[in-house]
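Scroll down for the structure; my scribbles are underneath it.
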Amino acid sequence: MLQEITNIHFIGIGGIGMSALARLFLHEGRKITGSDREATDITRTLQKEGIIVFDTQKKENIPSDVELVVYTEAMSEDHEEMMAARKLGVPMLSYFEALGHVANEYYLIAVAGTHGKTTTAAMLTDILEKEGLDPTAIIGSLRSKTGSNFKAGKSKYAIVEACEYKRNFLSLTPDVLVITNIEAEHLDYYKDLGDVQSAFRELCSQIREGGFVVANTKDSNVKPVLDGVDVTVVNYCDYFDPLLKLSQPGMHNQMNAAAASAAAAQIGIDQEVAKRALENFKGTWRRFEYKGEVHLPDGKASGAKVYDDYGHHPTEIAATLQGVRELYPDKKITLVYQPHLGSRTEKLFGDFVEALRTADHIILTPIYRARAESTLNVSSEALAETIRKNHSHTEHLETFEEIAATIKKNVNENDIVLVMGAGDITKVTTMLI
């Protein structure tokens, strides 16, 4: 289907996966246009690379000669660009459907799991590059090494992230499937953990003949997925190296490295090569990314370090905070957290309380609602109030400006400021530094 298509329009092109796929099609010589609801660093970079990007979304953006429309899952059916595309009668694919059409043409290494997909996929990309295998890669963040979420390779290998939301990863037929971990997540779609596990088990059934699944075989949430699968199972814990020196702190990153090493071994890469690549791995955008120092209202640097992180699930928050404690045992941690989705906040409310209160000072923002939700039974004010019962240094602030001003008023060189969330909370880091 895609081989003969030249003109492609992306609705929601500023998304991290969408922008990477747009770059892949541009690399192949196709004419790409796209739109998003506002201009961002990503959309501005796409424009510099030769893609026409509209920073508003309206029906007139759809080119008259368009042959395919790719849309993000966040788009509603009654979005005016979506309706205009349907009226034209051109083929329409979701991001994950389009990704499957492209990625399944390669020897595919798919990285799935509730947490750690981006870091593990980026680590694998570095390892294959070190081996000289020149993979194509679509990463769920910008690699610090290249500043891009896309790598155009010339070999048979491709590395992609496999997202479980709405079973989207079932568009993929991998040769190597990495499962970093499994938890109850996306409970606005899945009924419970068992429902999540059923999706992963179905993905395992789609691994090509002669392929592998790489996972922690002792993980109680993963074991039911692997029981009886008709494919070679590799325990990535066998590749755990306690002496490996990573730039990123925390046991969770050591486990990501083990998963990447195990996957690399299945395609014949020597472990010494993998180790050298991992020890030189520089991380990715918004995965415990160092941004700079907090600057005070008078313009002077305070000495307080600012880190930006995408974490939005209680397990991710707890793991990152533990890593910060390991790296800075004598520092005070101020956590700025933007809850992501009312449904996630409501269903994991108690877990969020436990994870968040391990910081020294907690600042919560209003909930970021990335898609339409029926649930209105929870608020970040309620989350702050619950945490405050056992943690007095907890507050809820309405605006990013208030947050930046509060931090600048109270910060000193003994502080670490960690800005977390999957929404637009990253803007606070710019205000601080």
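With the structure loaded, tell me whether GLU354 is at pLDDT 90 or above, surrounded by fewer than 18 Cβ atoms within 10 Å (Cβ to Cβ), among the acidic types (Asp, Glu) and farther than 30 Å from LEU128 by Cα or whether it fails that test.
Details: at pLDDT 90 or above: yes; surrounded by fewer than 18 Cβ atoms within 10 Å (Cβ to Cβ): yes; among the acidic types (Asp, Glu): yes; farther than 30 Å from LEU128 by Cα: yes.
So GLU354 passes the test.
Condition check for LEU243 on (1) within 30 Å of LYS166 (Cβ to Cβ); (2) surrounded by fewer than 16 Cβ atoms within 10 Å (Cβ to Cβ): one failure, at (1).
Name the pairs whose Cβ atoms lie under 6 Å apart, with the first residue in region 252-267 and at pLDDT below 95, the second of a type in the set (Gly, Ala, Ser), and 6 or more positions between them or separate chains? Partner pairs satisfying both residue conditions: HIS252/ALA319. Assigned to a loop (DSSP other than H, G, I, E, B), at pLDDT 90 or above and either touching a His at 6+ places or on another chain (Cβ under 8 Å) or open to solvent by less than 10 Å² (accessible area, probe 1.4 Å) (or both) - does that describe any residue in region 381-391? No: region 381-391 contains no residue that is assigned to a loop (DSSP other than H, G, I, E, B), at pLDDT 90 or above and either touching a His at 6+ places or on another chain (Cβ under 8 Å) or open to solvent by less than 10 Å² (accessible area, probe 1.4 Å) (or both). With respect to ASP230, determine if the residue is assigned to a loop (DSSP other than H, G, I, E, B), acidic (Asp, Glu) and open to solvent by 30 Å² or more (accessible area, probe 1.4 Å). So ASP230 passes the test. Restricting the first member to region 43-62 and to residues that are in a helix (DSSP H, G or I), and the second to residues that are surrounded by fewer than 16 Cβ atoms within 10 Å (Cβ to Cβ), the beta-carbon pairs closer than 6 Å and six or more apart or on different chains are LYS59/GLU80. Just to be sure, is LEU93 touching a Pro at 6+ places or on another chain (Cβ under 8 Å) and under 30 Å from ALA158 (Cα atoms)? Here the answer is no, as LEU93 does not meet what is asked. Please work out if ALA85 is of a type outside the set (Lys, Arg), in a loop (DSSP other than H, G, I, E, B) and either in contact (Cβ under 8 Å) with a residue 60 or more places away in the chain or buried (at least 23 other Cβ atoms within 10 Å of the Cβ) (or both). The answer is no for ALA85. Scanning region 106-142 for residues that are out of contact with any helix residue (DSSP H, G or I) (no Cβ under 7 Å at 6 or more places or on another chain), modelled with pLDDT under 95 and outside any helix (DSSP H, G or I) turns up THR114, LEU142.
Of all the numbered requirements in (1) over 25 Å from the mean Cα position of the chain (by Cα); (2) at pLDDT below 95, LYS31 misses one, and that requirement is (2). Restricting attention to region 13-29, the residues that are surrounded by fewer than 19 Cβ atoms within 10 Å (Cβ to Cβ) and in contact with a strand residue (DSSP E or B) (Cβ under 6 Å, 6 or more places away or on another chain) total 1. Considering each residue of region 147-154 in turn, at least one proves to be modelled with pLDDT under 95, hydrophobic (A, V, I, L, M, F, W, C) and in a loop (DSSP other than H, G, I, E, B). So in region 182-227, with the set limited to residues that are part of a helix (DSSP H, G or I) and β-branched (Val, Ile, Thr), which one is nearest to ALA259 (Cα to Cα)? Residue satisfying both the conditions and the ranking: VAL225. Restricting region 46-57 to residues that are out of contact with any Ser or Thr (no Cβ under 8 Å at 6 or more places or on another chain) and of a type outside the set (Gly, Ala, Ser) leaves a set whose member that is surrounded by the fewest Cβ atoms within 10 Å (Cβ to Cβ) is LYS48. The residue of region 182-194 that is nearest to GLY268 (Cα to Cα), among those that are under 16 Å from the mean Cα position of the chain (by Cα) and open to solvent by less than 30 Å² (accessible area, probe 1.4 Å), is ILE182.
Listed here are the residues, each with its yes/no results for (1) farther than 15 Å from VAL111 by Cα; (2) β-branched (Val, Ile, Thr).
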position: GLN266; (1), (2): no, no
position: GLN271; (1), (2): yes, no
position: ALA277; (1), (2): yes, no
position: THR284; (1), (2): yes, yes
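Identify all residues within region 1-12 that are open to solvent by 20 Å² or more (accessible area, probe 1.4 Å) and either closer than 24 Å to THR118 by Cα or at pLDDT below 90 (or both); write none if there are none. Selection gives MET1, GLN3, GLU4.
In region 146-178, what residues are of a type outside the set (A, V, I, L, M, F, W, C), within 14 Å of the chain's Cα centre (by Cα) and surrounded by 24 or more Cβ atoms within 10 Å (Cβ to Cβ)?
Taking region 146-178 as the starting set, the residues that turn out to be of a type outside the set (A, V, I, L, M, F, W, C) are 146-149, 151, 153-157, 161, 164-168, 171, 173-175.
Remaining after also requiring within 14 Å of the chain's Cα centre (by Cα): 148-149, 161, 164-165.
ASN149, GLU161 - these are the residues of region 146-178 that are of a type outside the set (A, V, I, L, M, F, W, C), within 14 Å of the chain's Cα centre (by Cα) and surrounded by 24 or more Cβ atoms within 10 Å (Cβ to Cβ).
For region 319-345, filtered to residues that are part of a strand (DSSP E or B) and under 20 Å from the mean Cα position of the chain (by Cα), the residue that is surrounded by the most Cβ atoms within 10 Å (Cβ to Cβ) is VAL336.
For region 357-372, does any single residue satisfy the condition of being closer than 30 Å to ARG37 by Cβ and either in a helix (DSSP H, G or I) or among the small types (Gly, Ala, Ser) (or both)?
Restricting attention to region 357-372, the residues satisfying the condition of being closer than 30 Å to ARG37 by Cβ are 362-372.
From the residues that got through so far, the ones that are either in a helix (DSSP H, G or I) or among the small types (Gly, Ala, Ser) (or both) too are 370, 372.
Checked against the condition, which is being closer than 30 Å to ARG37 by Cβ and either in a helix (DSSP H, G or I) or among the small types (Gly, Ala, Ser) (or both), region 357-372 yields at least one hit.
Residue check: GLU395 meets all listed conditions (1) more than 23 Å from the chain's Cα centre (by Cα); (2) in a helix (DSSP H, G or I); (3) surrounded by 15 or more Cβ atoms within 10 Å (Cβ to Cβ) but one, namely (2).
Within region 398-433, the set of residues being part of a helix (DSSP H, G or I) and charged (D, E, K, R) comprises GLU401, GLU402, LYS408, LYS409, LYS427.
The values are calculated or read from the model by the stated rules, or taken from the named source; none is laboratory data. Source: prediction; values computed, not measured. Glycine gets a Cβ as well: all are built from the backbone with ideal geometry, and neighbour counts include every protein chain shown. Heads up: the accessible areas ignore ligands, DNA and RNA and are worked out on the full protein's heavy atoms, side chains in. Shrake-Rupley method; radii C 1.70, N 1.55, O 1.52, S 1.80 Å.
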